[in-house]
1. Kindly state, to the nearest 0.05, the FRET efficiency for N313 paired with D121, given R0 = 45 Å and r defined as their beta-carbon distance.
2. Using the Cα centre of the chain as origin and beta-carbon charges of +1 (Lys, Arg) and -1 (Asp, Glu), tell me which of V210, I156, P301 is placed farthest towards the positive end of the dipole.
3. If you count only protein heavy atoms with a 1.4 Å probe, what accessible area per residue comes out for the chain, rounded to a whole Å²?
4. How large is the charge dipole for region 118-242, taken about the Cα centre, if only the Cβ atoms of Lys, Arg (+1) and Asp, Glu (-1) carry charge, to the nearest 20 debye?
5. Among residues other than T305 whose Cβ falls under 14 Å from its Cβ, what is the net charge (Lys/Arg +1, Asp/Glu -1)?
6. How many percent of DSSP beta bridges within the chain run antiparallel, rounded to 5?
7. Run the quick spin-label model on D231 and D143: label points 7 Å from Cα toward the beta carbon, then report their separation in nm to one decimal.
8. Could you identify which residue out of I296, I179, I255 has the top mean-square fluctuation in a GNM of the chain using Cα springs shorter than 10 Å?
Amino acid sequence: MEYQPSSSRYSNIQYRRCGNSGLKLPALSLGLWHNFGHVNDFENSRNIIHTAFDNGITHFDLANNYGPPPGSAEENFGKILHNDLNGYRDELIVSTKAGYTMWDGPYGDWGSKKYLVSSLDQSLKRMKLDYVDIFYHHRPDPDTPLEETMQALDLIVRQGKALYAGISNYTAEQAGKAIKMLNELGTPCLIHQPKYSMFERGPEKGLLDVLGNEGVGCIPFSPLAQGMLTDKYLNGIPADSRVATSGVFLNESSITPEKLDTIKKLNALAGQRGQKLAHMALAWLLKDERVTSVLIGASKPAQVTDSLQSLNNIAFSREELDAIETILK
C-alpha cells in the first residue's frame, strides 16, 4: 500500500529558528544512528520514518558511519526516501556527517578535504540524493589544519552538495575558531551538534554562549544519556535494554547505586510535573532558547509518538530548576 503522510502533520509540533538563519527545525529531530542499519528490520525502520513525518518531524539526521554496518543507515533511508517520500523531498531536512573511520587507508577518516568531499559523494550515492540540507564535520581533527576542514565545508556548500554547513563535538574554543573561519569564507556555520543532557553538562561551559553570541543553532545528541534518563532502569536492567544487549556505549558499571538514586529522584520530580522522566529530560534541554532542536532515537514507532509528549510542557519554574540542580549535584 502506498504511503500517504498525515494531512495534519504540521499541527502537532513546534518549529524553532536555527540561530540567525532562515531555517526552522522541528523541536524534536530523528537520529538514524543505531536502529536503521542492515542488521535491523527494514519494515520497522520504515514505519519509524513514516510515524515521524506524520507527526511533523521533518529533520532526519544521519552520518556516513551509521548502521551497522557503516553506510547502511544512509542506504536504507535512501530506499525509504525514494520509494515512500519521493514527492516530499522539499519538506524534509536531511543531514549527514563525516569525521569518523569510514574506509581503509589514509583518506577514510578525520578532517581532510579529500576525505570530507569523497565521503559526502558516497553518502549522496547511498541516499540517491543530489544534495543534503546540512553537512557536518563530525569531530575535530587534531592533525589537519582547521582552515582546510572549514574550506572543505565551504567548497561543499558552493558546489551545491549541501545547503548548510555544521560542526559536531567541537569544544567552545574550537567552535569559536571554526565559526569565525566559515564566516570569513562566506559560508556561515548553521548548527553545532554536541552531546548534551542532564548527565552531560559540557556545553554549558562556554559552548552555548559561543553559539548564542554567534547566532549558530544547537542540536544536542544523546539527550536521554543512552536511556539512563528514562524509567527503563528504575527496577533493574531489562533483558532487551542497550546495557544488556550491546553494552558498547553504556554498560552495567555505568548504572551505579548513586546514579540510580539520582534517576529515581528525577523521576519523582518529573511525576510532580505530570511528565515521564524522559519527557522532562527532553523538555529540560528545550527550555534554553539557544537549543534549536533535540535529537531523539527510536527503535519502534511508538517511541517517536511518546517522545513528542515532552513538548506538552517545556516550561520550568525556578523552584523546579533549582530542585533538578540539587538532585544532579
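1. On the way: r = 44 Å, r/R0 = 0.97.
Computed FRET efficiency for N313 and D121: 0.55.
2. P301
3. Details: 14390 Å² over 329 residues.
Heavy-atom accessible area per residue stands at 44 Å².
4. Values: 13 positive and 16 negative charges, 76 e Å.
Computed charge dipole of region 118-242: roughly 360 debye.
5. Numbers: positive: R9, K276, K300; negative: D54, D306.
Neighbour charge sum, excluding T305 itself: +1.
6. Details: 4 of 28 bridges.
Restricted to the chain, the bridges split so that about 15 percent are antiparallel.
7. 4.9
8. Sorting by GNM fluctuation, first place goes to I255.
The values are calculated or read from the model by the stated rules, or taken from the named source; none is laboratory data. Please read all numbers here as calculations on a predicted model, not as lab measurements. We place every Cβ from the backbone using ideal geometry, glycine too, and count neighbours over all the protein chains shown. With ligands, DNA and RNA removed, areas are computed over all heavy atoms of the protein, side chains included. Shrake-Rupley method; radii C 1.70, N 1.55, O 1.52, S 1.80 Å.
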